[in-house]
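The values are calculated or read from the model by the stated rules, or taken from the named source; none is laboratory data. Please read these numbers as outputs of a predicted model, since none were measured by experiment. When we count neighbours, we look across all protein chains shown, and the Cβ atoms used for this are built from the backbone with ideal geometry, even at glycine.
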């Protein structure tokens with residue numbers, strides 16, 4: 001092996017290592033979510049066409065949420081709209097600093113459960129936007145800023161932790177008695193085989209005034 | 001070949017293998033039991049539970065960053081060194 005060919009091989013190895021380093025860093029530290037959990041663009045099955053059309057254009061409407069503020073735990077986060085992941089689960093935001101509003105459900109302030117999810121940590125173990133969601137208690141204040149410049153005030157009504165399989169999806173997504181806001185994040189123990197935590201923290205809040 | 005070069009090659013091989021394994025694992029399709037119902041109740045379709053954490057992979061990711069970082073630094077140092085005069 002000549003000296004030049006050794007250097008060529010060394011350069012190739014360095015470039016490969018740099019590529020793996022960059023991919024791992026970006027994936028783990030910046031783009032937190034598993035690709036299957038990101039918005040797939042798949043519409044929910046059985047949803048009326050009119051509502052699908054409304055959801056598809058909702059990000060351009062004035063009433064959509066743009067910011068979530070939770071003073072007690074220091075959250076002041078950008079809100080992005082999300083749909084479904086490839087597995088049919090509610091999709092999650094691309095980054096660990098944003099939160100995701102489920103665009104196929106009600107907007108905050110409308111009658112029904114507006115649902116917002118957020119990461120608890122990223123792939124390097126860095127605390128994410130909802131790391132302190134467990135500290136919320138009934139009576140705590142949540143605020144949503146909308147694209148129209150309106151601020152909606154919600155108060156926490158209840159918080160609960162559930163095993164993943166036991167999350168009451170109808171309660172989380174489909175209570176249509178009053179304007180509600182539901183926050184959800186991960187909790188519990190990491191399941192390496194499933195690459196997820198085994199519990200979910202859910203915070204239920206109701207609209208106070210706008 | 002010197003001992004240093006043997007070590008450098010071994011580190012490089014470990015870095016590439018480990019990096020490839022993690023990169024592959026991170027793009028594996030999630031086939032867990034958290035399936036979505038996506039049924040329609042009232043006017044809202046109900047999705048499944050979101051997966052909002054990734055911290056369990058932190059140790060593996062940090063290991064990959066450390067190993068590949070060492071490989072890059074060591075490799076650059078190797079490439080930058082001046083040939084020794086015999």
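Which of (1) within 21 Å of residue A:204 (Cβ to Cβ); (2) modelled with pLDDT under 95; (3) not in a loop (DSSP other than H, G, I, E, B) does residue A:55 not meet, given it meets every other one?
The one condition residue A:55 does not meet is (1).
Rundown of residues vs (1) modelled with pLDDT under 95; (2) closer than 21 Å to residue A:92 by Cβ; (3) in contact with a helix residue (DSSP H, G or I) (Cβ under 7 Å, 6 or more places away or on another chain), yes/no style:
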site: A:140; (1), (2), (3): no, no, yes
site: A:144; (1), (2), (3): no, yes, no
site: A:149; (1), (2), (3): yes, no, no
site: A:158; (1), (2), (3): no, no, no
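Taking the range B:68-80 as the region of interest, how many residues are more than 8 Å from chain A (Cβ to nearest Cβ) and either over 30 Å from residue A:4 (Cα atoms) or crowded, with 21+ Cβ neighbours inside 10 Å (or both)?
0
Report, by residue number, each residue of the range A:76-90 that is in a loop (DSSP other than H, G, I, E, B) and facing another protein chain (nearest Cβ under 7 Å).
Residues satisfying the conditions are A:87, A:88.
Give A:134, A:126 a once-over and let me know the one that is more than 14 Å from the chain's Cα centre (by Cα), within 14 Å of chain B (Cβ to nearest Cβ), at pLDDT below 95 and closer than 25 Å to residue B:57 by Cα.
Result: A:126 is the single residue among A:134, A:126 that is more than 14 Å from the chain's Cα centre (by Cα), within 14 Å of chain B (Cβ to nearest Cβ), at pLDDT below 95 and closer than 25 Å to residue B:57 by Cα.
Kindly indicate which of A:165, A:114, A:161 is in a strand (DSSP E or B), surrounded by fewer than 21 Cβ atoms within 10 Å (Cβ to Cβ) and within 14 Å of another protein chain (Cβ to nearest Cβ).
Matching residue, one of A:165, A:114, A:161: A:161.
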